[in-house]
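The values are calculated or read from the model by the stated rules, or taken from the named source; none is laboratory data. Please read all numbers here as calculations on a predicted model, not as lab measurements. No Cβ is skipped: glycine too gets one built from the backbone with ideal geometry, and neighbour counts run over all protein chains shown. These accessible areas exclude ligands, DNA and RNA; they are computed on the full protein's heavy atoms, side chains included. Shrake-Rupley method; radii C 1.70, N 1.55, O 1.52, S 1.80 Å.
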Amino acid sequence: MPPPAENGHELSSAPPISPFLERIGAGVSTWDKDLRLVAWNRAFRDLLVLPDIVLKVGASLAEIVDGGAPGFGDRPDGQQIESLGRKRLAADRRFTFDRRFADGRCVSLTFAPFAPDGWIVVCHAVTRGEIEENQNELQRQNARLDAALDSMPGGFSIWDDDLRLVLFNSRYAEIYGMPRDQLRVGMSLLDICELTVAVGNHPGVMPDELFRRYRDRLRQNMDPAITRRYEKAIRRRTIRSSYTRDPRLGWVVTHEDITDDIRRIEELGAREAALAQQNMRLDAAVNNISQGLCMFDADRRLVICNRNYATLYGLPAELVRPGTHLADILKHRIANGVPPLGDKQAYLQRRLDVVAAGKPEIDTVELRDGRVISIRHLPTADGGWVATHEDVTEQHGDELRIRHLARHDPLTDLPNRLVFRESMTAAEDGIADGRTFAVLAIDLDRFKSVNDTLGHAVGDAVLKMVADRLKAAVRDSDVAARLGGDEFAILSSALAHPEDAAVLAERIVRQIGEPFVYDGHNIEIGASIGIAVAPGDGRNADTLLKNADLALYRAKTEGRGAYHFFEQDMDAALQRRRVLETGLRQAIARNELRLVFQPVFNLADNRVSGLEALVRWYHPERGTISPAEFIPIAERSGLIIPIGEWVLRQACAAAASWPDDITVSVNLSAVQFRSRGLLQHVRSALQDSGLRPQRLELEVTESLLLAEVEFTLPTLHQLRGLGVRVSMDDFGTGYSSLSYLRSFPFDKVKIDQSFVRDLASGEGGRAIVSAVIGLGRSLGMSTTAEGVETEDQLDLVRDQGCTEVQGFLLSPPLPASAVDKLFAKATGTHEWTRTLARRSGATRRLPN
């Protein structure tokens, strides 16, 4: 066993050199936590010229350093190196020192922590050139540091933990008035205190007392994360010192002469006090005016505003601070405050345009909460502006009431004669553009007796109720006015047809003719109306009013409770229409309506496949009345609904007696289609007749599909759900055929006869018919060509692949009795087909 060392560590006299450390090119050794040698390599031994007797496991750092080749005498010995190492390593920090030997060599040793609790030392030889270069670099760094320190505007000094001066700059000496040549590194804090007192700083304070102050101050601030600042007056100057403790450097102190800053602050404080007083007075003045006031600079940022401005628009505190942008305030006013009436974006743009114009402006803005704000905008010379915002709701309301009373009848609140004339003058401007409008002069019948028998109070109440009924009868674009007494007038603008004025007149006559109930009285009056239509009856207000009055006179002379147009020809035509409408209301009850059926031929089978039901009116006095004349009257009056239901029932009943493979098609009017009872009418007609739904085909036009799509398409699907077939009639005459063919799967598309008629006139007609037939084929729909009247037309549609045809070439519409007789024959539809085909001269196309 080797003898123990004096410090209790065992020494090994013949340790092996570590194979692991041998792989490292530099000199390396490892040490335990007490700086005792653990292992090394040959490079470590050779660099430090250590004899084997010194290299023992457990040898101390001092023994290793002193046991090597002798170094220069001014270098620290082993005990000094070990003391330094223990101090550095205790702080868990690496350190480096150089070892110079007498032969001129230099070895650099670097100590660093080594897991788990030990240390590693790496050493390498440093050449003379490296030493000189390191010294030169150190000198350059020192020069740069001196230059940097001297360029600082304030004083700078560093003190070690023993309160000795480590570093300082020229400004440090200059601030305290100390001679630069009397300051040197290593001076104690007490030395500096004696020097600064000697030059006149800190009068009445002894150096040792000053030293204690600084020392105690530093001891109170040992936390490196804390910086303390102190101000002191010396030689009529004020110096601010900041102390920061750095564990690596010691105390870092900066020194700043703030005498001029203090003076400026004092002067500024005096000015600010005066300004604060002025601002207080300005604030009192601004916040006590009744209007909201705001001022903005040229960059559209708020300079000042008063409380009334913020309250007026409900602005939060963060939006009334100086510097707030105008756009932010406007957006808040629109989004979160009370927005203006109308287009919000237009209001925002208007406010920005006023600012950009740079001119005085006065605006009135109506807010959605009913308030009216008057804004007065006044630009300033610097590009900004001042604006006042005043709530003028009450004044505005008074003005509106006065203006309203000047232009409206005080009893009925209808526009008065002045407004009516202005509206007519405005309507005159549209005559040149082809616009049509009507003037209706209205006079109440039997109203004088109401005043005479029941008193003027009741009469006034009746006039108010008449006004309410007139307002309910007209459109928003029309003007209903009271001209005086029991005289009223209506301006009905933008008429699609002059007949629309008659519809309005009929509605008014009917509504005014209904009894008025007031205060227990059942009051019956009436209305007579004269109508003048521009431009035919006049092109200016005076002429139109005069002619409407003449027409009114005629209405009164013919028995009251009626209306008349001024123009005789138009009046006569409308009277005929009224006669027709009256007769049409009785036509069903009098059995004047008849159904006829036009055959539809299937070109593939060369046989009749179905018949289309068509309605006819046989008037006892006028004879046969064309559907083109009475169907529009029926649609306009609503009679088409009962007529359509009658046609549907009659067609289903007739078809029930036909062969089971023959279909019947019925046209649906747009008015009839929109009625809520359509689905029930179809279901009832099928049930009552016993006709299979697949044999009923309902035809709708494109015009029906152009309106109320949300209602139309679901209804079509519901009809389809009953099992009936649905076809599109007059295909190609509308505007959206293709889109509707996509949205609803029709069973059949009927090609309008106008396209069939153009087949022989050129390639255009043929191309359209060919395209429609091809489209129907691609969508799985059959196609029917209407209005086939010549053999050439028949040949052309057949060649194009059309499924069916109908027209006078093959058969005109036939009465129901003729159809029944033909179907009753034993040969059935084949003989009928050949007979009709022979009559048309098309037998070459039919089978024997």
**Request:** Go through L315, L326, L367 for me and flag whichever is under 30 Å from P415 (Cβ atoms) and among the hydrophobic types (A, V, I, L, M, F, W, C).
**Result:** L367
**Item:** Residue count, region 582-641 (criterion: among the charged types (D, E, K, R) and either more than 58 Å from the chain's Cα centre (by Cα) or at positive phi (or both))
**Value:** 7
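Here's the yes/no breakdown for (1) open to solvent by less than 10 Å² (accessible area, probe 1.4 Å); (2) touching a residue at least 12 places away in the same chain (Cβ under 8 Å); (3) of a type in the set (G, A, S):
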residue	(1), (2), (3)
G780	no, yes, yes
T783	yes, yes, no
E786	no, yes, no
D799	no, no, no
Q806	yes, yes, no
S811	yes, yes, yes
**Request:** Restrict the check to region 572-583 and report whether at least one residue is modelled with pLDDT of 90 or more, out of contact with any strand residue (DSSP E or B) (no Cβ under 9 Å at 6 or more places or on another chain) and surrounded by fewer than 19 Cβ atoms within 10 Å (Cβ to Cβ).
**Result:** no
**Request:** Kindly establish whether Q139 is at pLDDT below 70 and either of a type in the set (S, T, N, Q) or touching a Leu at 6+ places or on another chain (Cβ under 8 Å) (or both).
**Result:** yes
**Item:** Residues located in region 788-797, provided they are open to solvent by 20 Å² or more (accessible area, probe 1.4 Å) and of a type in the set (A, V, I, L, M, F, W, C)
**Value:** L796
**Residue tally, condition more than 10 Å from A655 (Cβ to Cβ) and charged (D, E, K, R), over region 681-695** = 2
**Message:** Is it the case, given these coordinates, that L302 is within 18 Å of V392 (Cα to Cα) and touching a strand residue (DSSP E or B) at 6+ places or on another chain (Cβ under 7 Å)?
**Reply:** no
**Message:** I'm told I192 meets every condition in (1) surrounded by 12 or more Cβ atoms within 10 Å (Cβ to Cβ); (2) over 17 Å from V252 (Cβ atoms); (3) modelled with pLDDT of 85 or more except one. Can you identify the failing condition by its number?
**Reply:** (2)
**Filter result for L648 (more than 18 Å from L614 (Cβ to Cβ), at pLDDT 90 or above and not in a strand (DSSP E or B))** = no
**Complete:** Residues in region 741-778 that are part of a helix (DSSP H, G or I), closer than 21 Å to R720 by Cα, open to solvent by 60 Å² or more (accessible area, probe 1.4 Å) and at pLDDT below 80 total 1
**Prompt:** If you go through region 542-557, how many residues are open to solvent by less than 50 Å² (accessible area, probe 1.4 Å) and modelled with pLDDT of 85 or more?
**Reply:** 8
**Request:** Determine which single condition P410 fails, assuming it passes every other condition in (1) surrounded by 12 or more Cβ atoms within 10 Å (Cβ to Cβ); (2) of a type outside the set (S, T, N, Q); (3) part of a loop (DSSP other than H, G, I, E, B); (4) over 41 Å from the mean Cα position of the chain (by Cα).
**Result:** (1)
**Request:** Determine if region 377-385 includes at least one residue that is in contact (Cβ under 8 Å) with a residue 40 or more places away in the chain, on the phi > 0 side of the Ramachandran plot and not in a helix (DSSP H, G or I).
**Result:** yes
**Item:** Flag for D398 being in a loop (DSSP other than H, G, I, E, B), out of contact with any helix residue (DSSP H, G or I) (no Cβ under 6 Å at 6 or more places or on another chain) and not polar (S, T, N, Q)
**Value:** no
**Request:** Can you tell me which residue among V354, V386, V392, V365 is in contact with an Asp or Glu (Cβ under 6 Å, 6 or more places away or on another chain) and surrounded by 14 or more Cβ atoms within 10 Å (Cβ to Cβ)?
**Result:** V354
**Prompt:** Looking at region 162-189, which of its residues are touching a residue at least 40 places away in the same chain (Cβ under 8 Å), within 17 Å of L218 (Cβ to Cβ) and either outside any helix (DSSP H, G or I) or open to solvent by 30 Å² or more (accessible area, probe 1.4 Å) (or both)?
**Reply:** L163, V166
**Message:** Filter region 190-200 down to the residues that are under 23 Å from D160 (Cβ atoms) and either not aliphatic (A, V, I, L, M) or not in a helix (DSSP H, G or I) (or both) and list them by number.
**Reply:** D191, C193, E194, T196
**Request:** Select from region 196-214 the residues that are under 20 Å from G250 (Cβ atoms) and modelled with pLDDT of 85 or more and list them in ascending order.
**Result:** T196, L210, F211, R212, R213
**Message:** Give all pairs with beta carbons closer than 6 Å in which a residue from region 675-693 that is open to solvent by less than 80 Å² (accessible area, probe 1.4 Å) meets a residue that is at pLDDT 95 or above and among the β-branched types (V, I, T); count only pairs at least 6 apart in sequence or on separate chains.
**Reply:** P693/V724
**Request:** Might you let me know whether region 403-419 holds any residue that is in contact (Cβ under 8 Å) with a residue 40 or more places away in the chain, farther than 30 Å from S493 by Cβ and out of contact with any Lys or Arg (no Cβ under 7 Å at 6 or more places or on another chain)?
**Result:** no
